[in-house]
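These notes are about the structure you will find just below.
The values are calculated or read from the model by the stated rules, or taken from the named source; none is laboratory data. Quick caveat, the model's predicted, so the values are computed rather than measured. Heads up, the Cβs are rebuilt from the backbone with ideal geometry, glycines too, and the neighbour counts pull from every protein chain shown. Please note that ligands, DNA and RNA were not included when accessible areas were found on the heavy atoms of the full protein model with its side chains. Shrake-Rupley method; radii C 1.70, N 1.55, O 1.52, S 1.80 Å.
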Amino acid sequence: MRRGGRWFLLLGWLALLAVLAVVVVQRLRVSTDLRSFMPAPSTADQRLLMEQVGEGPGSRLLLLAIGGAPDDALATLSQGLVQSLRHDTRYTQVLNGSFDMAALDDTLLPYRYLLSPTLDQQRLDAPFLRDQLEQRLEDLSSPAASLLKGLLPRDPTLEVLQLAQRWTPATSPELREGVWFSAQGEALLVVQTRAAGFDPGAQADAVAGIQRAFDALPARAGATLAFSGPGYFSVVANAQTRGQAEWIGRVSTVGFILLLLLAYRSVASLLLSALPIASAALAGMLALIVLYPQVHGITLAFGFTLLGVAQEYPIRVLSHRRAGEDAVQSVRDLWPLLLTAIMSACIAYLAFYASGVNGLRQLAVFTVVGLLVAGFSTRYLLPYLLPTHVRDVAHMPWLVTARRWVDALPRPRWLPLFVALATVVMLVAAQPPFWQNDLSALTPLPRDLLQRDARLRAALGAPDVRYLLVLQAPSQQDVLRLSEALETSATALQARHVVDAIELPSRYLPSDAVQRARQQALPDRAALERALADAEQGLPFQPGLFAPFVNDVEQARGLPLLEPARVEGSPLGQRLAAMLQQRDGRWLGLGTVSGVHDVAALQQWAQAQGDAVRVLDLKAAAESLVVDYRARILQALWVATVLLVLTITLSLRSLRRAWHVLAPMTLATFLVLAVERIAGVEISLFHLVALILAAGLGLHYALFFERDTGDLNEQRRTLHATLVCVLSALLVFGMLAWSSIPVLRAIGLTVSLGVAFHFCLSILMAPHARQD
Amino acid sequence: MLLCSLTLSPYANASAPEDAATARELVSALGRPAPARTPFAEARFMKMLDQPLVVSGQLSWLGGDRLERQLLQPHRELSTIADGEVTQQREGREPRRFSLKRAPQLQALLDSFVALLGGDPARLEQAFTIQRSGTDATHWTLTLIPRDPKLVRTVSRIEIDGRGNEPRCLRMQEADGDLAVDLLGELAARMPAAPTREGLVALCQGG
């Protein structure tokens, strides 16, 4: 190609990439919600889990502790924080222990007579009112006078306080200076976020919002704010993983560049060989943008990892160039093999599409599009840009020696059998369990964070995130009635210390029947005024003082019964929305359970209540979901294997040759599994993904080693290319293997081991060097 | 005293200098060691009541910020203010607890009481501007006006009447017009059966 044409092509390609980059940056919507990376739930528990993971009342709670200052300063900060967060739409509830009238706003105040249990035992008659008024008189001569003075005319029976008491958590922390304090002297707060707990992006925003509000408070010298809760953990785990991955990524990128410079001694080649990968990544993202409204963050992270295979394509081209030969000609010779490699990698990754999980489907789309673009641009664009004069690696002295040494290696026929046997023995001998089903084990949190969470959770009586009480009934009213029926035995359960507290929906919203009964127990205006007059006899209250009370009662008599829709948007409404949900024409009541001491007794109690009540173990449901997930991936893998065998056999047109390619790859894959198992590693989804990547790389090694050219120089070039590929993969993934985060370690270790095993086995089982 | 006025100078300019100095002198003289106990009788005049509420019992300063108010008449009740929290115990009922933060009037009362009994003019001047009237030993009145603009919206002023180094009367005027008069020490026994605002003020300032 003429010099001018080459520049034109390069600029054209770069311009295209720039346009793609702009489109991707503008249009790509990354979702961080872990749920879209989960398989579709198949059982009722799993379905509930998917909704509860993140949406449940427990998992949306952030626990806050303010420390590092004297009590009164902390209390002021606590109040200040509540003030600034209360009107922020990101938070549905902000509690710090101070009495919260805002739960019932002014227009809803008359409802207190329908919500509070007072009227279940009492009537608003003269003797009851007399007793109440006498108590209020005592209150007025007590230090509490200034507190109650304002409430009195409207609420002489202090129904508002009754409700506030009923709605505060059963086990609440110590009150100091009017706000919750831990035994360690920190002011405690509970914030419920609107965002789902396992949406790290939205949670990060919620956490940052709280921190900003805290930082803006006056006079917070020395005081510090600490967070805990599932949402915060997802933020920490995310940041931790991203932080380490970025750090490792930077180091290994530098190493990778140095390695390529060392291998090819050409900056131009190095820069140009980056173009196919960049095109692959951008094209993959463009495909996702076109096909999906939102792209999952994990898709991108995994996708870039899996796209590592595509690095091989330009490397192969660079290594296989001959002195004086046109790059286009080199690629033409290489293309049939390269195409087989590309197609088989695509087939392996296509397996993810069959999994039926949205996130994995995106992964398949991204990697397959990426691989095809990388492959075809390596074939049809890159060679026209590469410098015409290059050094033929075949004559490097070290490579000649290395090839000779490799050829001299013993290649016993029994090797495959031996490796297979060793693999089986190791797999059998390894300590069970084989699979790691606990996803949280992969992003473990620092011990002190977990301890802090346990401490704060215990101090605040915050609901357990693992267990949930599920009430099921045909209608909302049935759920509430069921909930009311459970209240007595639930209280008994608390008395037996099976659990610290059970919070049922009827605590916040009584059923219509109960509300109606209370409403009907309210006296009419005339009767109430008479009773009040009787009660006030001889007491010094000003006549007419309680007119607001009489009005409220009168209004309460005529109110439509309270339903969740009426309180929508208010703190009470938010609580109800979390506790009462409609699904498939049925209604669910979700009760939170705090401080579970005896799971068996809790389960037993739930069973004794009949089919409509059960205790949902979210952890067990999550694990069953992971098992399902894995089953789908494994199924997909089987399909991919069959397709792979067919593709390789067809393209090589020989069963024997296909065997030489597939046998080392299969053996090495199982060997990695066996070695990890015998080393005590439990296999997770991430290991499986990493195994697939390693298998893709191994397939390339085997394909190229299998190529029997009889040309010594070409064999040297193959060794050179493979060595560069192996070293670069080891560099990138070997670094990850040292990470302290299990997810990264799982991927790094598996791919590193895989690359090493695939390389060794494909050399040792390669046919051409055999002396027969 | 010189040292005292130097350290207090930032607060002193709210009231006339010589007035502030005599007020400080008086407060210093009022101090006594904890625990200090005194009988009291209280009449509260409230808008929502057509006659005052009268109670009596014993007030105790236990040292520091701890105050105890024991009611004997007409019912028994024990209230303690300690560590920023108020605990109220009444026979046959669950104790009621609440934060001092939510009862600013109480905080003002505590501040004035503790500063008086501790003989600590610095503390008193931190929370209030102080005026003294009636310079002779037979009768004096200290008028305390809260410095906190939020507090002054509920508690307009506290007036303390006394004789010699003996406080005899504490009157808390709330911004909504309600008034609480506490007769202290020997005056406690002289609470009339049907007290009036004017009668009690006269009693505090005169008798």
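Pick from B:Leu124, B:Leu78, B:Leu67, B:Leu116: which is at pLDDT 85 or above and either more than 15 Å from the chain's Cα centre (by Cα) or more than 27 Å from A:Glu138 (Cα to Cα) (or both)?
From the options B:Leu124, B:Leu78, B:Leu67, B:Leu116, the qualifying one is B:Leu78.
Of (1) closer than 22 Å to A:Leu260 by Cα; (2) at pLDDT 90 or above, A:Gly696 satisfies all except one. Which?
(2)
Before we move on, is B:Thr87 touching a Phe, Trp or Tyr at 6+ places or on another chain (Cβ under 9 Å), hydroxyl-bearing (Ser, Thr, Tyr) and without any contact (Cβ under 8 Å) to a residue 60 or more places away in the chain?
Yes: the conditions hold for B:Thr87.
Looking only at the range A:602-614, count how many residues are part of a helix (DSSP H, G or I) and surrounded by fewer than 19 Cβ atoms within 10 Å (Cβ to Cβ).
4
Please tell me if A:Ala459 is within 44 Å of the chain's Cα centre (by Cα), within 29 Å of A:Lys619 (Cβ to Cβ), in contact (Cβ under 8 Å) with a residue 60 or more places away in the chain and in a helix (DSSP H, G or I).
yes
From the residues in the range A:543-560 that are free of Cβ contacts under 8 Å to residues at least 60 places away in the same chain and more than 14 Å from chain B (Cβ to nearest Cβ), which one is least open to solvent (accessible area, probe 1.4 Å)?
Top of the filtered list is A:Val550.
I'd like the full set of residues that are β-branched (Val, Ile, Thr) and either free of Cβ contacts under 8 Å to residues at least 12 places away in the same chain or farther than 20 Å from A:Gln46 by Cα (or both), limited to the range A:582-635.
A:Val596
Looking at the range A:224-234, which of its residues are closer than 14 Å to A:Ala208 by Cβ and open to solvent by 30 Å² or more (accessible area, probe 1.4 Å)?
Scanning the range A:224-234 gives a single hit, A:Tyr232.
With the structure loaded, tell me whether A:Leu133 is open to solvent by less than 20 Å² (accessible area, probe 1.4 Å) and within 14 Å of chain B (Cβ to nearest Cβ) or whether it fails that test.
yes
If you take the residues of the range B:18-57 that are among the basic types (Lys, Arg) and in a strand (DSSP E or B), which of them is farthest from the other protein chains (Cβ to nearest Cβ)?
Checked the range B:18-57; the qualifying residue farthest from the other protein chains (Cβ to nearest Cβ) is B:Arg37.
Any chance you could count how many residues in the range A:171-199 are more than 14 Å from chain B (Cβ to nearest Cβ), open to solvent by 10 Å² or more (accessible area, probe 1.4 Å) and over 24 Å from the mean Cα position of the chain (by Cα)?
Total satisfying the criteria: 4.
Give me the pairs, please: first residue somewhere in the range A:145-169 and within 9 Å of chain B (Cβ to nearest Cβ), second residue anywhere and at pLDDT below 80 and open to solvent by less than 10 Å² (accessible area, probe 1.4 Å), beta-carbon distance under 6 Å, and either six or more positions apart or on two chains.
Hits for this filter: A:Ser146/B:Ala103; A:Leu147/B:Ala103.
Given the criterion acidic (Asp, Glu), open to solvent by 20 Å² or more (accessible area, probe 1.4 Å), within 30 Å of A:Gln582 (Cβ to Cβ) and modelled with pLDDT of 70 or more, identify the matching residue among A:Asp100, A:Asp45.
That would be A:Asp45, the only listed residue that is acidic (Asp, Glu), open to solvent by 20 Å² or more (accessible area, probe 1.4 Å), within 30 Å of A:Gln582 (Cβ to Cβ) and modelled with pLDDT of 70 or more.
Which pairs turn up if I take residues in the range A:219-239 that are closer than 19 Å to A:Arg455 by Cβ and look for partners that are among the β-branched types (Val, Ile, Thr) and open to solvent by less than 10 Å² (accessible area, probe 1.4 Å) with beta carbon separation below 7 Å, at least 6 apart in sequence or on another chain?
Sorted first by the residue in the range A:219-239, then by its partner, the pairs are A:Ala223/A:Ile66; A:Leu225/A:Ile66; A:Gly231/A:Thr193.
Consider only pairs whose beta carbons are under 9 Å apart and that are at least six residues apart or on different chains; among these, list those whose first residue lies in the range A:487-503 and is free of Cβ contacts under 8 Å to residues at least 12 places away in the same chain and whose second residue is part of a helix (DSSP H, G or I) and open to solvent by less than 50 Å² (accessible area, probe 1.4 Å).
Hits for this filter: A:Ala492/A:Trp605.
Of everything in the range A:317-371, what is under 20 Å from A:Ala274 (Cα atoms) and polar (S, T, N, Q)? Give them in sequence order.
Selection gives A:Ser319, A:Ser330, A:Thr367.
For A:Ser141, are the conditions met, namely being away from chain B (no Cβ under 13 Å) and either open to solvent by 50 Å² or more (accessible area, probe 1.4 Å) or among the small types (Gly, Ala, Ser) (or both)?
Judged against the criteria, A:Ser141 is not a match.
I'd like the full set of residues that are at pLDDT 80 or above and open to solvent by 40 Å² or more (accessible area, probe 1.4 Å), limited to the range A:733-743.
Passing the criteria: A:Met735, A:Trp738.
With respect to A:Asp448, is the statement that it is over 23 Å from A:Gln582 (Cβ atoms), open to solvent by 20 Å² or more (accessible area, probe 1.4 Å) and of a type in the set (D, E, K, R) true?
Judged against the criteria, A:Asp448 is a match.
Inside the range A:578-601, can you point out the residues that are touching a helix residue (DSSP H, G or I) at 6+ places or on another chain (Cβ under 7 Å), surrounded by fewer than 21 Cβ atoms within 10 Å (Cβ to Cβ) and part of a helix (DSSP H, G or I)?
none
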